[in-house]
1. Given the structure, is residue A:210 assigned by TED's automatic domain parsing to the domain that holds residue A:392, of a type in the set (Ser, Thr, Tyr) and touching a helix residue (DSSP H, G or I) at 6+ places or on another chain (Cβ under 6 Å)?
2. Quick one: would you say residue B:141 is within 20 Å of the chain's Cα centre (by Cα) and either open to solvent by 40 Å² or more (accessible area, probe 1.4 Å) or within 14 Å of chain A (Cβ to nearest Cβ) (or both)?
3. Against the condition crowded, with 22+ Cβ neighbours inside 10 Å, more than 30 Å from residue A:189 (Cβ to Cβ) and either within 22 Å of the chain's Cα centre (by Cα) or more than 9 Å from chain A (Cβ to nearest Cβ) (or both), how does residue B:87 come out, does it pass?
4. Which condition number in (1) within 13 Å of another protein chain (Cβ to nearest Cβ); (2) open to solvent by 50 Å² or more (accessible area, probe 1.4 Å); (3) in contact (Cβ under 8 Å) with a residue 40 or more places away in the chain is the one that residue A:73 fails?
5. Where residues in segment B:111-127 are in contact with a Ser or Thr (Cβ under 8 Å, 6 or more places away or on another chain) and not aliphatic (A, V, I, L, M), which of them is farthest from the other protein chains (Cβ to nearest Cβ)?
6. Among residues belonging to segment A:192-203 that are closer than 20 Å to residue A:110 by Cβ, of a type outside the set (Asp, Glu) and more than 9 Å from chain B (Cβ to nearest Cβ), point out the one that is surrounded by the fewest Cβ atoms within 10 Å (Cβ to Cβ).
7. Please go through segment A:134-191 and give me each residue that is more than 27 Å from residue A:104 (Cβ to Cβ), touching a Lys or Arg at 6+ places or on another chain (Cβ under 9 Å), of a type in the set (A, V, I, L, M) and at the interface with chain B (Cβ under 7 Å from one of its Cβ atoms), ordered by number.
8. Return the only residue of A:58, A:15 being assigned to a loop (DSSP other than H, G, I, E, B) and touching a strand residue (DSSP E or B) at 6+ places or on another chain (Cβ under 8 Å).
Amino acid sequence: MSSKNSIAITGSGAVCGAGLGIDAIWQNILAGKSAVGPIEQWDARRWPVKISAEVRNVENRQLVEDRKLHKMISRTDMLGLCAAHQAVQQSGLLAHRDTLDDAGKTRFNDRTGIFAGSGGGNYRSNYDFYPALTASAGSLPKFGGEFSQSVNPMWLLKNLPNNVLCHVGIRYNFKGTNACVTNQCVGGVMALAEAAAALRNDEADRASVTAHDTPFEPETVAGYHRLGLLSSEALRPFDRDRSGTVFGEGAASVMLEKNSAATGRNAAILGEFLGSGCVTEATGILDLRPDGDGVSRAIELALADAGLAAADVGMIVAHGNGTRASDASEAAGIARVFGKNIPPVTGFKWAVGHLIAASGALDTVLALRALREKVVPGIAMLNAVDPACAALPVSNQSQTPRSDVALILCRGFGGMNVALLVRA
Amino acid sequence: MKQKRRIAITGIGMVTPVGNDAPTTWAALRAGKSGLGKIQHFDASGFPVRIGAEVKNFQLPAAIANSKHAKFASRSHRFALAAAEEALTDAGIRPQADNSARWGLSVGAGMMAMDYTEIEMTSRFCSNTDGADGEFQPDGLLDPKYPADPVAFCRSQTNAGLALLAQQFGIRGYATAVHTACASGGQAVGTALKVMRRGHVDFMLAGGFDSMLNPIGLSSFCLLGALCPDNDTPEKASRPFDATRAGFVLGEGAGFLVLEDWDAAKKRGAKIYAELAGDGNSCSSYRITDSPPNGDGPIQAIQQAIADAGARPEDIDYVNAHGTSTLMNDKSECAALRGVFGADVQRVAVSSTKSCMGHLIAAAGAVEAGVCALAIRDGIAPVSANCDELDPDCAVNVVRGQSRPLKIRAALSNSLGFGGSNSSLVFRHPDEVKA
């Protein structure tokens, strides 16, 4: 039974430190295995933070088959294209397009949207300029004559924040409405919400949505560490002894379709997008409100958008990034909406790390899996619940969802709060 | 079919290479005054391209300069704060405690988040100097002498500009930052229109801001060969549609609009520049570097925007083209205009205001949206400067020589980005809005 405004989800995909593909990631989470381990991308022996949830032991060819592309895009794009391909393949839409006549194919392509949530600019890309900066030793006129000797002529295009959008378009010949959201942590979930809105508004019949990020690099680790946001030990959401977040990297993707289009081609429907809410607390870059104002307002907007009541929600995938301030205020915001009737709550960052722009999208594909399996996985890193989060029914053991609806919460810099509702 | 919610443009703010506010910018564009020149704010003398379109003599408005958030603002964030402040003042309305959650914010933000001085400073600590190859050495960041600056780190976060704007003006509703290269500003304004129509908010501050006029940004466009190298004649360097055009001129700045529900704006007696009537979006999915020569991609975006506005091509009197002055863009865009308007294409006045103010990258579409609204208000199609010898491939009705008085019933603005994202917006004259 689909609600009036719901959108079908007919494909999903993911890659992160916990695995290549949703099956692998899910099995690791159920088994209580965390992908957090020693930093391998550089020698971090002297670093105050030595852990991350890296994508390890995966060859570039496993991410993107086309070798020519490897030099034209960056690692975050590779991860995004890998997840996107999984979702496109699972949807069966390319085979469906093959059955159409030429006019039908053209219409299909023009009516297929492309949405991306991207980490945006990174620090890594600047390193390409270091040889020229070093050679010119602080002299700008010298640098002006130097950079073309050592920097790839395609540097700018390799580092476009919207590269995944472009390459998904080119690879599958999708040409419809599109957006690339670069809103730090909430970029991915906002891309998903905008894609669903475009389908509701009849701007497209289907849309590929991909969120991807590789926040894990020396300058972000150093910067976050100085701000006191990183744990050097483990990511323990809602735990009394939590000490910060841990970076991961990866991507998640879904294929959205109008319900009528999906049922019309007898597609297997993995779940439905029901609604979203997005607000900012207007608290500046880092700060957030201790009372969880943004969390509760985002949830209320999402419920209204979906035409649901709080009691309809069967489980919550919390942002749970493991920082003192975010987890406590998130608990307060959830409690304000749900009162004493909070459904089972979990979070996945303890296992996959914090994927920043891709975090909420990965949570969404995992929430769909949880609903289908009727299991709310436990938070294996949870030892003792913080009194500030005591209202939350969180556990290190599996729980059972109380309905087929999941609420996904995603929070980010800029006081951003986004809530999504899905059904499976 | 249910009438879509009508959205009014009631405030405009700009910081551009031809003026530090909207009235000055608009007067310069009408007069065809160039904002292009030798790059002044860093020493570009050794670069292959030494010209740009800089914002000049800029100062933050007092209301913002005194705010404690200002220290977090980068160069382009400062342009954004000033342009947004102007737009809100111009609209005569701003978020209040009782309606701040009904205000939204949509921005097109540039891709370069880190200031050049930070990059250069970090490179000094983190470049391998054994053999002077300049390879990145992470441990340099741990050097006790490394002047780590948490404020600079915060400033370099992707959504720092969005965060500062929301905080400065107390906007607590929907907030988004988008980036589709040169289409970003147009997409941000289009997103704002859609969010308002969905009813998530009643007011929106929408715009874009960017500055890639720094040694790294300038290098990156030089490497691509996208910039016009006419270092000795900067004011003639940007010549969209001209047969001798040779690339774009890199600019910087910000543009913001205040958007309101049409009926609410009428009720409070607001001055309405124009209706923000339609948004269209497509992806060319052709090549990362090139535009499709036949206009495929932009055609769909333009058609969608016109349809979304409930209009027909014959209603459009003026097009503010993307018109970057690169060989490929202008050819592709003109092919798209011919594709959409057909035999009627010579009726439609076309100009590229980038001829005077350069290419503002992620801010371009937002500033040009404001230009369309002002063109409608004043009944003037601004000049497309420097088009002395019209390229036969660009045989459309270019506003050459000087600005042209023109009753504009509806205007179209195009923003076509690297990577193939195309954004088109349609604006309608208030007199043409049927109750």
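1. Details: assigned by TED's automatic domain parsing to the domain that holds residue A:392: yes; of a type in the set (Ser, Thr, Tyr): yes; touching a helix residue (DSSP H, G or I) at 6+ places or on another chain (Cβ under 6 Å): yes.
So residue A:210 fits the description; yes.
2. Working: within 20 Å of the chain's Cα centre (by Cα): no; either open to solvent by 40 Å² or more (accessible area, probe 1.4 Å) or within 14 Å of chain A (Cβ to nearest Cβ) (or both): yes.
No.
3. Working: crowded, with 22+ Cβ neighbours inside 10 Å: yes; more than 30 Å from residue A:189 (Cβ to Cβ): no; either within 22 Å of the chain's Cα centre (by Cα) or more than 9 Å from chain A (Cβ to nearest Cβ) (or both): yes.
When the stated conditions are applied, residue B:87 does not pass them.
4. Tallying (1) within 13 Å of another protein chain (Cβ to nearest Cβ); (2) open to solvent by 50 Å² or more (accessible area, probe 1.4 Å); (3) in contact (Cβ under 8 Å) with a residue 40 or more places away in the chain, residue A:73 fails exactly one: (2).
5. Residue satisfying both the conditions and the ranking: B:115.
6. Step one: of segment A:192-203, the residues closer than 20 Å to residue A:110 by Cβ are A:194-203.
When the remaining residues are screened for being of a type outside the set (Asp, Glu), the result is A:195-201.
Pick out the ones that are also more than 9 Å from chain B (Cβ to nearest Cβ) and you get A:195-196, A:199.
Details: A:195: 30, A:196: 26, A:199: 24.
Filtering first and then ranking leaves A:199.
7. The answer is A:135, and nothing else.
8. Details: A:15 fails: assigned to a loop (DSSP other than H, G, I, E, B).
Testing whether each residue is assigned to a loop (DSSP other than H, G, I, E, B) and touching a strand residue (DSSP E or B) at 6+ places or on another chain (Cβ under 8 Å) leaves just A:58.
The values are calculated or read from the model by the stated rules, or taken from the named source; none is laboratory data. Because the structure is predicted, anything quoted here is derived from the model rather than measured. Please note: Cβ atoms are built from the backbone with ideal geometry, for glycine as well, and neighbour counts cover all protein chains shown. Accessible surface is based on the protein model in full, side chains and every heavy atom, while ligands, DNA and RNA are left aside. Shrake-Rupley method; radii C 1.70, N 1.55, O 1.52, S 1.80 Å.
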